[in-house]
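Following: one structure in structure tokens, then a few remarks.
The values are calculated or read from the model by the stated rules, or taken from the named source; none is laboratory data. From a predicted model like this one, the values you see are computed outputs, not experimental measurements. Note that each Cβ is placed from the backbone with ideal geometry, even for glycine, and that neighbours are counted across all protein chains shown. Ligands, DNA and RNA are excluded from the accessible area calculation, which covers all protein heavy atoms including side chains. Shrake-Rupley method; radii C 1.70, N 1.55, O 1.52, S 1.80 Å.
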Amino acid sequence: MADLVSHPDEMKVVSKRFGQGATDIDRYLALDGYKATQKALTMGADAIISEVKASNLRGRGGAGFPAGMKWSFVPRQSPKPKYVLCNGDESEPGTCKDRLIFEHDPHAVIEGVLIAGIAVGSHQGYIYLRGEYRYLIEIMEKAVADAYGRGFLGKNIFGSGYDFECAVQTGAGAYEVGEESALMESLEGKRGIPRIRPPFPAVVGLYGGPTVINNAETLANVPHIILGGGEWYAHLGTPKNGGTRLFCLSGSVNKPGVYELPMGYNLRKMVDEVAGGIWNGRRLKAVQPGGSSVPVLTADEVDVAMDFDAVMKAGSMLGSGGVVIIDDSTCMVKYALRVMKFYQHESCGWCIPCREGTDWLLKTLVRFHAGGGLRRDIHNIQYLAENMLGRTFCPLGDAAAMPIISLVKKFRKEFEDHLEGKPCPYEDHSKVEQLPVLTAWDHRTADPWTHAH
Ligand SMILES: Cc1cc2nc3c(=O)[nH]c(=O)nc-3n(C[C@H](O)[C@H](O)[C@H](O)COP(=O)(O)O)c2cc1C
Ligand code: SF4
């Protein structure tokens, strides 16, 4: 079990039962568990959706789409069964919050799925867990079995006449199946690659039926909204960004961990106070405020309110809540290389700009970082990344390109400092970790930028 951290500025809503033994269903019931579902059954679909809309709850999986609006897109009448999916794939580097919800408050996720089901008229939910989270499967399966045992799932839940089934499923360890349509393919037993949209899942989703898919944190907030009211929840955050957020503070800080803070909390304060400041007496160099997919903010840009709109205005994205904090001993070319290594590995290979783009970017960055860089590579890295934007079937191509574009733009000097034909000038070479791939890359024959010369 992961250690829990705390800070006086935390505002505990979705984490309020963490460390309280709420995996036990009796304990969960003693902590107001399943009251929200019973209330939702008396409210009915329209009132639930209105309450979630009023809460300004936005998707915690990355895109920040308003949850109530998403639910309202599901057609009332459907010849096919409707589904609710909980996305617990959580594979974005820097993001480690959904696992805490499953670990400490699994019934809150089940309640979120149930309430979403009642809201859209679905009778089947799936909780999809990241393949590597093996230890969570047991916790979630037990929670689901306990809920069935009490009559909270299955036929005639709470004696209401409403039926709702729920099952737990796992992935096999691919980042791409966190993408909603790839997750549905995977759940149907197929290869986890995305679907072309439209049609969108709310109309044609799992097994062709209307489907609501939400992140685990999004869903775990719903019972609190139903009990506390949409207006209460909205006021915890900033306009159009209701509630709190589980921020995963990681990287070069003294007190890394997952902290629940109100939406709009200042990023600099998050680094300096909540995360205990930069470690080893170093200085802040940059932050990726929303996981590895988003543009970096420099140390001068971190006076920003952490909500979806303010971070977007500052030139980045709030994303999945993974706040990666980078100190001044980090080589940003190496950082770019690290990020690209992940995306090159995780590209599903379906579309060319992503499959080839991530591969060429990785090859070029490895060569560049190892001292084989040419001045024109700097332009070419940026040019290649920019040409991936918006040209792929799913947003993984954008996710790979966006951080690289920002790194070249904001840390160009560090790229230029690598041009002397020497290995990285920012690293202590006695300590440099050997990268397992491509370190001895022959740039004269192996990448497109040097090929012609
Ligand atoms: C490559 C990729 C990976 C993703 N991984 C996740 C994930 O692990 N968990 C998640 O909730 N959303 C993930 N998403 C976002 C989902 O596609 C989808 O937007 C989200 O599950 C919707 O839930 P929300 O509205 O509650 O955020 C990913 C998207 C992409 C493009
Ligand atoms: S962008 Fe990448 S991950 Fe997404 S479909 Fe294309 S190849 Fe696959």
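Of all residues in region 219-265, count the ones that are over 24 Å from I325 (Cα atoms) and either hydroxyl-bearing (S, T, Y) or open to solvent by less than 10 Å² (accessible area, probe 1.4 Å) (or both). Can you show your working first?
Taking region 219-265 first, the residues over 24 Å from I325 (Cα atoms) are 219-236, 239-240, 242.
This time we only want the ones that are either hydroxyl-bearing (S, T, Y) or open to solvent by less than 10 Å² (accessible area, probe 1.4 Å) (or both), so: 219-223, 225-226, 230, 233, 242.
Total satisfying the criteria: 10.
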TODO: Give the number of residues within region 48-72 that are open to solvent by 40 Å² or more (accessible area, probe 1.4 Å) and in a helix (DSSP H, G or I).
DONE: 7
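Would you please name the residue that is farthest from ligand 1 (Cβ to nearest atom), looking only at residues in region 300-316 that are in a helix (DSSP H, G or I) and either surrounded by fewer than 17 Cβ atoms within 10 Å (Cβ to Cβ) or acidic (D, E) (or both)? Lay out the reasoning, then the answer.
In the first step, residues of region 300-316 are kept if they are in a helix (DSSP H, G or I); the result is 300-301, 308-313.
Subset that is either surrounded by fewer than 17 Cβ atoms within 10 Å (Cβ to Cβ) or acidic (D, E) (or both): 300-301, 309, 312-313.
Numbers: D300: 29, E301: 25, D309: 16, M312: 15, K313: 20 Å.
This residue is D300.
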- [ ] Determine if region 15-36 includes at least one residue that is within 20 Å of V168 (Cβ to Cβ), in contact (Cβ under 8 Å) with a residue 60 or more places away in the chain and β-branched (V, I, T).
- [x] yes
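What residue, of P81, P8, is more than 19 Å from the chain's Cα centre (by Cα), more than 30 Å from V271 (Cβ to Cβ) and surrounded by fewer than 23 Cβ atoms within 10 Å (Cβ to Cβ)? Working first, answer last.
Working: P8 fails: more than 30 Å from V271 (Cβ to Cβ).
Going through P81, P8 in turn, just one is more than 19 Å from the chain's Cα centre (by Cα), more than 30 Å from V271 (Cβ to Cβ) and surrounded by fewer than 23 Cβ atoms within 10 Å (Cβ to Cβ): P81.
Looking at this structure, is S293 within 16 Å of ligand 1 (Cβ to nearest atom), not β-branched (V, I, T) and not in a helix (DSSP H, G or I)? Give the derivation first.
On the way: within 16 Å of ligand 1 (Cβ to nearest atom): yes; not β-branched (V, I, T): yes; not in a helix (DSSP H, G or I): yes.
Taking the combined requirement at face value, the residue satisfies it.
Can you tell me which residues in region 23-35 are surrounded by fewer than 22 Cβ atoms within 10 Å (Cβ to Cβ), on the phi < 0 side of the Ramachandran plot and not hydroxyl-bearing (S, T, Y)? I'd like the intermediate steps shown before the answer.
If we filter region 23-35 for residues that are surrounded by fewer than 22 Cβ atoms within 10 Å (Cβ to Cβ), which is where we start, we get 23-27, 29-32, 34-35.
From the residues that got through so far, the ones that are on the phi < 0 side of the Ramachandran plot too are 23-27, 29-31, 35.
Correct list: D24, I25, D26, R27, L29, A30, L31, K35.
Take G161 and decide whether it is without any contact (Cβ under 8 Å) to a residue 40 or more places away in the chain and more than 13 Å from ligand 1 (Cβ to nearest atom). Before the answer, list the steps.
On the way: without any contact (Cβ under 8 Å) to a residue 40 or more places away in the chain: yes; more than 13 Å from ligand 1 (Cβ to nearest atom): yes.
Here the answer is yes, as G161 does meet what is asked.
Looking at L183, L206, L187, can you tell me which residue is in contact (Cβ under 8 Å) with a residue 60 or more places away in the chain, within 16 Å of ligand 2 (Cβ to nearest atom) and aliphatic (A, V, I, L, M)? Don't jump to the end; show me each part of the working.
Details: L206 fails: within 16 Å of ligand 2 (Cβ to nearest atom); L187 fails: within 16 Å of ligand 2 (Cβ to nearest atom).
Result: L183 is the single residue among L183, L206, L187 that is in contact (Cβ under 8 Å) with a residue 60 or more places away in the chain, within 16 Å of ligand 2 (Cβ to nearest atom) and aliphatic (A, V, I, L, M).
How many residues does region 345-384 contain that are in contact (Cβ under 8 Å) with a residue 24 or more places away in the chain and within 16 Å of ligand 1 (Cβ to nearest atom)? Full working, then the answer.
Filtering region 345-384 for residues in contact (Cβ under 8 Å) with a residue 24 or more places away in the chain gives 346-348, 350-351, 353-354, 357-358, 360-378, 380-382, 384.
Still in the running and within 16 Å of ligand 1 (Cβ to nearest atom): 346-348, 350-351, 353-354, 357-358.
Qualifying residue count for the region: 9.
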TODO: Among the residues of region 102-155, count how many are in a helix (DSSP H, G or I), among the aromatic types (F, W, Y) and either in contact with a Pro (Cβ under 9 Å, 6 or more places away or on another chain) or surrounded by fewer than 23 Cβ atoms within 10 Å (Cβ to Cβ) (or both).
DONE: 2
Task: Among residues of region 321-333, those that are open to solvent by less than 10 Å² (accessible area, probe 1.4 Å) and small (G, A, S), counted - done: 2
Task: Residues located in region 339-375, provided they are over 25 Å from the mean Cα position of the chain (by Cα) and within 14 Å of ligand 2 (Cβ to nearest atom) - done: W360
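Residues in region 164-171: is at least one touching a strand residue (DSSP E or B) at 6+ places or on another chain (Cβ under 8 Å), within 16 Å of ligand 2 (Cβ to nearest atom) and under 13 Å from N87 (Cβ atoms)?
Taking region 164-171 as the starting set, the residues that turn out to be touching a strand residue (DSSP E or B) at 6+ places or on another chain (Cβ under 8 Å) are 164-171.
Now drop any that are not within 16 Å of ligand 2 (Cβ to nearest atom), which leaves 171.
Within this subset, residues satisfying the condition of being under 13 Å from N87 (Cβ atoms) are 171.
Yes, because at least one residue in region 164-171 is touching a strand residue (DSSP E or B) at 6+ places or on another chain (Cβ under 8 Å), within 16 Å of ligand 2 (Cβ to nearest atom) and under 13 Å from N87 (Cβ atoms).
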